[in-house]
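As structure tokens, the structure follows; a few thoughts come after it.
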Amino acid sequence: MSYIVQFTEFITYFLYSILAGSIVLEFIPTEKKPSIKISKRTIYWIIIGILVFSLFPILRVITFFLDDVSLKMAAYSVFVKTAIGNAWIYLCMFALMLGINIYNDGKKHFNFFWLLLMILSIGYAGHITSMDFWKGFIFQSSHFLMVSIWSGILFHVAFLSKDTKNYSNFLKWFTPLAIISVVIIFASGMILMLEELKLKDYMTAWLLPYGQMLLLKHISIIPVLFFAFFNGFLMKKSIEDSPNKIKKWLKAEYIIITLVFFFTGIMSTQSPPYNLNLTLKTEGPSKWIEFIMGIDILSPMKVVFAFTLEGSLLLGMSITFLVLLIISFIKKANIILPIAFSFCFVITMYLGLMYNITV
């Protein structure tokens, strides 16, 4: 069930980004964006998909109680007495109102309003919200909102645009929006992370499954920022001569963003390390890190950074892949290359860090 929930969380993030991108682009004048068309039927299916896939984490919680109570009692308890169950009920209400407004060709401001409430329901059910309601609710919601808007617009322009006109006008407003989004995402993400673990425990948390996914998420953000810089600033100089090139690079940027979605989806199914040693005892260490280090990780635990030959070589390789990413942009290489370099960077940077730590 755990792997199914991880997959459904990933799909939920993906669907939210498409929905957010479609709604936000309604506010943009035609001359400031490429021609993009997505049917009402597609939007309805996206909304239904969000409701269906976001239900799986709740089903997982319900299964925990089935050994002690009946299915009816377990379902009632989860939907009525837990934040995650309440949030899904709210989500259904807001999604229904959004669907009705779209069906009636209602005002675009109401579309955004109902989308915002759907995203607020995500923040309401967040891990941090259960500890500090307003801090968790505000920062979890703002984090998810900006990720959805930024990536969603990117998806529509890169994959659904019917032409390459107005790309120059598009980048004039999208680049500042992307910068603002990154700043809010980074700031809110740091606040949320520091609520879950102390900064001094960041490396030690790598021994846990949650910490592993957090590290991979942070590493995968680095190539995303490189792509964002290329597409937002450097590509402007050649956009009139090769508009198809910018479209391909926008696609590559979104593909790397989906990697961040993937790691985030796995993180959402794991216990945050509020207490490292307690989490180690209840959840167990990361099997992958035990395999790499060749030891059994026991409590109490403490990670120390210590350079090794293997780890240093891998870190050097990761920097090389970043350089190759830059070169592939300068040389205007086939887009498969920078995507491959990005994935190779994530893998080698991760392994380099893992081989450079001792317990």
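From the set of residues in the range 244-293 that are surrounded by 15 or more Cβ atoms within 10 Å (Cβ to Cβ), of a type in the set (Ser, Thr, Tyr) and assigned to a helix (DSSP H, G or I), which is modelled with the lowest pLDDT?
279
Just to be sure I understand, how many residues within the range 69-91 are assigned to a helix (DSSP H, G or I) and either surrounded by 14 or more Cβ atoms within 10 Å (Cβ to Cβ) or within 22 Å of the chain's Cα centre (by Cα) (or both)?
Within the range 69-91, residues that are assigned to a helix (DSSP H, G or I) and either surrounded by 14 or more Cβ atoms within 10 Å (Cβ to Cβ) or within 22 Å of the chain's Cα centre (by Cα) (or both) number 14.
Pick from the range 268-296 the residues that are among the β-branched types (Val, Ile, Thr) and touching a residue at least 40 places away in the same chain (Cβ under 8 Å): which of them is farthest from residue 355 (Cα to Cα)?
Going through the qualifying residues, I end up with 269.
Can you tell me how many residues within the range 94-130 are charged (D, E, K, R) and in a helix (DSSP H, G or I)?
1
If you scan the range 92-110, which residues turn out to be surrounded by fewer than 16 Cβ atoms within 10 Å (Cβ to Cβ) and of a type in the set (Val, Ile, Thr)?
Residue satisfying the conditions is 100 alone.
Determine which single condition residue 135 fails, assuming it passes every other condition in (1) farther than 24 Å from residue 192 by Cβ; (2) modelled with pLDDT under 90; (3) assigned to a helix (DSSP H, G or I).
In the conditions (1) farther than 24 Å from residue 192 by Cβ; (2) modelled with pLDDT under 90; (3) assigned to a helix (DSSP H, G or I), residue 135 misses (1) alone.
For the range 1-31, what are the residues that are buried (at least 16 other Cβ atoms within 10 Å of the Cβ) and among the charged types (D, E, K, R)?
9
Residue-wise test of (1) within 23 Å of the chain's Cα centre (by Cα); (2) assigned to a helix (DSSP H, G or I).
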residue	(1), (2)
42	yes, yes
45	yes, yes
48	yes, yes
58	yes, yes
61	yes, yes
64	no, yes
67	no, no
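So residue 216 clears everything in (1) crowded, with 19+ Cβ neighbours inside 10 Å; (2) at pLDDT 90 or above; (3) over 23 Å from residue 324 (Cα atoms) except one condition, right? Which one?
(3) is the only condition that residue 216 fails.
I need the full set of residues from the range 191-234 which are over 17 Å from residue 304 (Cα atoms) and hydroxyl-bearing (Ser, Thr, Tyr), in order please.
210, 220
Quick check on residue 311: is it over 23 Å from the mean Cα position of the chain (by Cα) and assigned to a helix (DSSP H, G or I)?
Against the criterion (over 23 Å from the mean Cα position of the chain (by Cα) and assigned to a helix (DSSP H, G or I)), residue 311 qualifies.
Suppose we keep only residues that are among the hydroxyl-bearing types (Ser, Thr, Tyr) and part of a loop (DSSP other than H, G, I, E, B) within the range 1-40. Which one would you say is farthest from residue 141 (Cα to Cα)?
For the range 1-40, the residue satisfying everything is 35.
Checking residue 334 against (1) closer than 19 Å to residue 222 by Cβ; (2) of a type in the set (S, T, N, Q); (3) not in a helix (DSSP H, G or I), which single condition isn't satisfied?
Failing condition for residue 334: (1).
Report yes if residue 46 is among the β-branched types (Val, Ile, Thr), over 30 Å from residue 177 (Cβ atoms) and free of Cβ contacts under 8 Å to residues at least 60 places away in the same chain, otherwise no.
No; evaluated as a whole, the condition is false for this residue.
Could you please find all residues in the range 112-123 being touching a residue at least 40 places away in the same chain (Cβ under 8 Å) and surrounded by fewer than 21 Cβ atoms within 10 Å (Cβ to Cβ)?
Residue satisfying the conditions is 112 alone.
Assuming residue 162 fulfils every condition listed in (1) in contact (Cβ under 8 Å) with a residue 60 or more places away in the chain; (2) within 24 Å of residue 88 (Cα to Cα); (3) surrounded by fewer than 22 Cβ atoms within 10 Å (Cβ to Cβ) apart from one, which condition is it?
Every listed condition holds for residue 162 apart from (2).
It is to be established whether one or more residues within the range 294-308 are under 19 Å from the mean Cα position of the chain (by Cα), more than 30 Å from residue 335 (Cα to Cα) and surrounded by 15 or more Cβ atoms within 10 Å (Cβ to Cβ). Before the answer, list the steps.
First, the residues of the range 294-308 that are under 19 Å from the mean Cα position of the chain (by Cα): none.
No, every residue in the range 294-308 fails to be under 19 Å from the mean Cα position of the chain (by Cα), more than 30 Å from residue 335 (Cα to Cα) and surrounded by 15 or more Cβ atoms within 10 Å (Cβ to Cβ).
Return the pairs, sorted by first residue and then second, in which the second residue is of a type outside the set (S, T, N, Q) and not in a loop (DSSP other than H, G, I, E, B), the first residue lies in the range 301-322 and is farther than 27 Å from residue 279 by Cβ and touching a residue at least 60 places away in the same chain (Cβ under 8 Å), the beta carbons are less than 9 Å apart, and the residues are 6+ apart or on different chains.
322/222; 322/223; 322/226; 322/341; 322/345; 322/349
The values are calculated or read from the model by the stated rules, or taken from the named source; none is laboratory data. The structure displayed is predicted, hence computed values, not measured ones. Heads up, the Cβs are rebuilt from the backbone with ideal geometry, glycines too, and the neighbour counts pull from every protein chain shown.
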